[in-house]
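Q: Before I ask anything, here is the structure I am working with.
No lab work stands behind these numbers, since they all come straight from the coordinates. Since the model is a prediction, treat every value here as computed from it, not as a measurement. Every residue, glycine among them, receives a Cβ derived from its backbone with ideal geometry; neighbour counts consider all protein chains shown.
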Amino acid sequence: MSYPIDELGTDVGVIRVDGRLNMVTASQLKDTVADAVGTGRLRVVVDLTNTTFMDSSGLGALISGLKTARTAGGDLRIAGANEQVLMVLQLSNMDRILRPYETPESAFAD
Amino acid sequence: MKPPNRPSPTDYQAVIRSPPETVDDAHDFLNDVWAQHPDVTAEERMACETILSELVTNVIQNNPHREIFCDVRVRITPGEVVIETSDTGDEAPPPQPTADMPEQQAEHGRGLPLIYLLADDVQHRWQDARNIWRVTRVRATEPPQ
């Protein structure tokens with residue numbers, strides 16, 4: 001099972017994660033990022049606007065996805081993180097690697 | 001999962017049986033607890049939910065090929081929230097108290113450091129063939145009037 005991939009512009013794939021990002025859904029996210037990159041969407045945004053919770057398993061899936069995208073010459077960015085997700089990113093010092101953007105549209109605007 | 005047993009207004013318990021239950025059942029249990037405790041702040045809820053998710057995830061991941069029972073207990077007082085888990089899994093190695101994160105590319109190994117960063121006290125013991133974790137989060141105190 002995987003999350004749907006929406007298109008943004010010509011080569012950005014947006015993966016919307018609803019609900020919890022934990023050990024139950026981590027592999028689902030990893031598979032979806034691999035699908036996106038494998039079908040040419042090398043720039044991936046994980047839209048966390050409707051993500052209610054993330055723990056270290058979810059963070060591990062984001063890091064896995066980031067490596068998958070970068071290995072293919074692309075990148076993975078995150079958008080719409082709530083306070084709990086930001087807390088986990090900051091405590092783990094990963095907010096510098098996975099910089100949180102406000103919206104999917106702004107993630108690759110630079 | 002059985003409905004939460006509530007022996008007192010501040011003491012909540014549930015049993016997670018995995019499989020088929022998952023860490024999601026621990027989240028659902030905690031949501032039931034918070035529904036009865038509007039006094040627990042959003043920050044305290046975030047911390048406690050993250051701690052409990054990491055504890056239960058570790059139990060399930062450390063016992064991938066067997067059924068485990070994980071008793072979860074949450075006690076709330078004006079001064080602290082205490083989260084206890086007691087599981088029937090293999091004996092966990094004594095945890096190394098560390099808040100140090102693994103290297104940035106690592107996809108695993110952040111759960112225990114997160115617990116230590118979010119908790120004010122972490123205890124683990126092996127007793128009666130169970131791993132027992134007791135994690136305490138001190139609550140924010142009201143500013144003096």
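Q: Could you please give the count of residues in the range B:103-131 that are in contact (Cβ under 8 Å) with a residue 60 or more places away in the chain, within 14 Å of chain A (Cβ to nearest Cβ) and either of a type in the set (Lys, Arg) or in a strand (DSSP E or B) (or both)?
A: Residues that pass the stated criteria total 0.
Q: How many residues are at the interface with chain A (Cβ under 10 Å from one of its Cβ atoms), closer than 23 Å to B:Pro95 by Cβ, surrounded by fewer than 21 Cβ atoms within 10 Å (Cβ to Cβ) and not polar (S, T, N, Q) if we restrict to the range B:28-71?
A: Residues in the range B:28-71 being at the interface with chain A (Cβ under 10 Å from one of its Cβ atoms), closer than 23 Å to B:Pro95 by Cβ, surrounded by fewer than 21 Cβ atoms within 10 Å (Cβ to Cβ) and not polar (S, T, N, Q): 1 in total.
Q: With a cut-off of at least 1 residues that are within 14 Å of another protein chain (Cβ to nearest Cβ), name the helices (runs of 4 or more DSSP H) lying wholly within the range A:40-110.
A: Answer list for the range A:40-110: A:56-71, A:83-91.
Q: Also, I was wondering about something else. Quick one: count up the residues across the range B:93-123 that are in contact with a Phe, Trp or Tyr (Cβ under 8 Å, 6 or more places away or on another chain) and aromatic (Phe, Trp, Tyr).
A: Total satisfying the criteria: 0.
Q: All but one of (1) closer than 28 Å to B:Leu52 by Cβ; (2) surrounded by 15 or more Cβ atoms within 10 Å (Cβ to Cβ); (3) of a type outside the set (A, V, I, L, M); (4) in contact (Cβ under 8 Å) with a residue 12 or more places away in the chain hold for A:Asp95; state the number of the condition that does not hold.
A: The one condition A:Asp95 does not meet is (4).
Q: Next up: Could you tell me which residue of the range B:74-91 is nearest to B:Ala26 (Cα to Cα), considering only residues that are in contact (Cβ under 8 Å) with a residue 60 or more places away in the chain and buried (at least 20 other Cβ atoms within 10 Å of the Cβ)?
A: Here the residue is B:Val74.
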